[in-house]
Amino acid sequence: SLVDKANYRHFMAKEIHEQPEVVGHTLARYVDMGTERVVLPARLPFDFKDVQRISITACGTASYAGFVAKYWFERFARVPVELDVASEFRYREAPLRKGDLAIFISQSGETADTLAALRYAKSQGAHTLSVVNVPTSTIARESEIVMPTLAGPEIGVASTKAFTCQLMVLAALAIAAGRGRGELSEADETKLVHGLVEVPRLIAAALTTEPQIEKLAREIAKSKDVLYLGRGTSYPLALEGALKLKEISYIHAEGYAAGELKHGPIALIDETMPVVVIAPYDRVFEKTVSNMQEVAARGGNIILMTDAKGAQEATVESLVTIILPDMAATFTPIVYAIPVQLLAYHTAVVMGTDVDQPRNLAKSVTVE
Ligand code: G6P
């Protein structure tokens with residue numbers, strides 16, 4: 001059945017390993033492989049040209065998918081995006097205008113704060129679009145447009161495959177927005193779609209880092225605190241990495257924009273706090289390297305997640321370098337999510353925690 005652990009020790013491990021397949025299903029739903037164009041599930045009740053602003057609202061891991069998507073929407077479609085966690089959005093009386101697009105992201109489709117935020121956006125006359133994994137859920141039913149993720153049932157409390165499927169849907173939607181607003185040419189769209197089509201295979205390649213990460217997890221398990229750094233779309237992934245680690249291993253972790261290191265967390269750096277740096281070889285890579293130098297100069301231990309080119313160009317000694325496949329820089333968060341999830345998972349296994357049902361957490365938070 002879909003909801004047994006097969007040969008895995010935990011649902012979370014099974015769900016991590018399902019990602020090439022389920023992200024592939026999600027891709028096939030939103031991309032026409034023949035024409036190499038994005039296809040949305042239904043005709044949209046608005047024109048992207050008329051959208052002045054997008055708001056994205058979610059909780060937890062889903063909010064970090066939204067954070068990555070903010071970079072994509074702003075870059076592909078040149079439309080400003082406001083991002084909120086639902087518990088803030090619902091009470092801060094955000095001034096939405098009629099015709100704005102409000103996007104809600106939720107695995108369960110039942111999260112109380114996200115649902116309340118959706119109802120608020122509707123009351124303001126915004127168009128509402130939800131990215132949900134449970135198509136029969138309340139959020140799906142109450143949204144004007146639903147874009148399902150095809151992750152299948154997710155049992156582990158810490159979200160994994162729902163996250164990468166959310167990213168896939170949001171990438172497709174951001175491309176559609178870019179096309180709709182005339183910011184992407186047909187050739188641009190084809191190039192982006194080519195990049196997306198590669199993602200399931202790249203996720204499978206990223207899963208082969210598991211033995212190396214399993215070994216690394218034994219070191220991480222000795223730490224009291226772990227810092228995650230990233231720039232650009234790797235920044236939200238750093239936040240997600242820290243969230244995953246604390247949720248299931250109970251080791252304190254923080255995610256930070258690499259450029260903010262010198263404005264605070266650098267004070268914490270010593271040889272006891274590992275620093276996980278998420279840095280594909282992209283246009284901000286050199287900047288991240290200079291932050292790594294700041295860490296190294298203070299005796300910090302760096303765990304670098306990068307690609308072959310990045311490993312070659314990083315002029316800083318790292319404790320461990322995890323090499324991910326070469327790929328188009330735009331969609332790296334969907335692939336770098338894998339080592340981030342594996343590191344949290346294996347650290348939790350070393351710590352002996354209840355990985356699938358960590359203490360104090362619920363899969364779906366239906367109360368405020
Ligand atoms: C809970 C779960 C998280 C999840 C969050 C949002 O806190 O433990 O894994 O990211 O809720 O849930 P949703 O179903 O709205 O995505």
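Every number in this text was worked out from the coordinates using simple rules, so none of it is lab data. Values in this document were obtained by computation on a predicted structure and should not be read as measured data. FYI the Cβ positions are ideal-geometry reconstructions off the backbone, even for glycines, and counts take in every protein chain you see.
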Legend entry - Long-range HN-HN contacts of A94 with modeled amide H, under 5 Å: none
Inset, instruction - Sort L44, L101 so the one with the fewest other Cβ atoms within 10 Å of its own Cβ comes first. - result: L44, L101
Inset, instruction - Starting from the Cα of E260, step 7 Å along the direction of its Cβ; do the same at D188; then give the gap between the two resulting points in nm. - result: 2.9
Legend entry - Value at 222 nm in deg cm²/dmol, rounded to 500, when DSSP H runs of n ≥ 4 in the chain each add -39,500 (n - 2.57): -14000 deg cm²/dmol
Inset, instruction - Would you mind ranking D50, D84, D113 so that the residue whose beta carbon has the fewest other beta carbons within 10 Å leads the list? - result: D50, D84, D113
Legend entry - Antiparallel %, DSSP beta bridges [both residues in the chain], to 5: 5
Inset, instruction - At 4 °C and 1.567 mPa s, grab the translational diffusion coefficient of the chain from Stokes-Einstein with a Kirkwood Rh over Cα pairs, rounded to a whole number in µm² per second. - result: 63
Inset, instruction - Would you mind ranking I338, I105 by Cβ crowding within 10 Å, fewest neighbours first? - result: I338, I105
Legend entry - K224 paired with K49, simple spin-label distance in nm, labels 7 Å along Cα-to-beta-carbon: 6.0
Inset, instruction - Go through region 212-223 residue by residue and turn each phi into a ³J(HN,Hα) via Karplus (6.51, -1.76, 1.60, θ = phi - 60°); whole Hz please, and just put x for glycine and proline. - result: 5, 6, 4, 5, 4, 4, 5, 6, 4, 4, 7, 8
Inset, instruction - Note the full-extension length gain between E317 and D354 as 0.36 nm times their separation in residues minus their Cα-Cα distance, in nm to one decimal. - result: 9.9 nm
Inset, instruction - State the Kirkwood hydrodynamic radius of region 329-368 in Å, one decimal place, computed from all pairs of distinct Cα atoms. - result: 12.3
Inset, instruction - Can you tell me the alpha carbon radius of gyration of region 82-153 divided by the globular rule-of-thumb value 2.2 N^0.38 Å? - result: 1.02
Inset, instruction - With r as the distance between the Cβ atoms of E214 and E82 and R0 = 45 Å, compute the FRET efficiency 1/(1 + (r/R0)^6) and round to 0.05. - result: 0.70
Inset, instruction - Collect residues whose amide H, placed 1.01 Å from N in the peptide plane, falls under 5 Å from the amide H of V277; neighbours closer than 5 in sequence don't count. - result: L229, I303, L304, M305
Legend entry - Folded to 0 to 90 degrees: helix 161-180 orientation relative to the chain principal axis, Cα: 50
Legend entry - Spin-label pair E74/V39, simplified geometry with 7 Å Cα→Cβ offset, distance in nm: 3.3
Inset, instruction - Using a Förster distance of 45 angstrom, determine the FRET efficiency expected from the C-beta separation of D326 and N7, and round it to 0.05. - result: 0.90
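Among the listed pairs K70/K246; K161/K222; K161/K191; K222/K309; K5/K161, which have their C-alpha atoms separated by more than 20 angstrom in this model?
K70/K246; K161/K222; K161/K191; K222/K309
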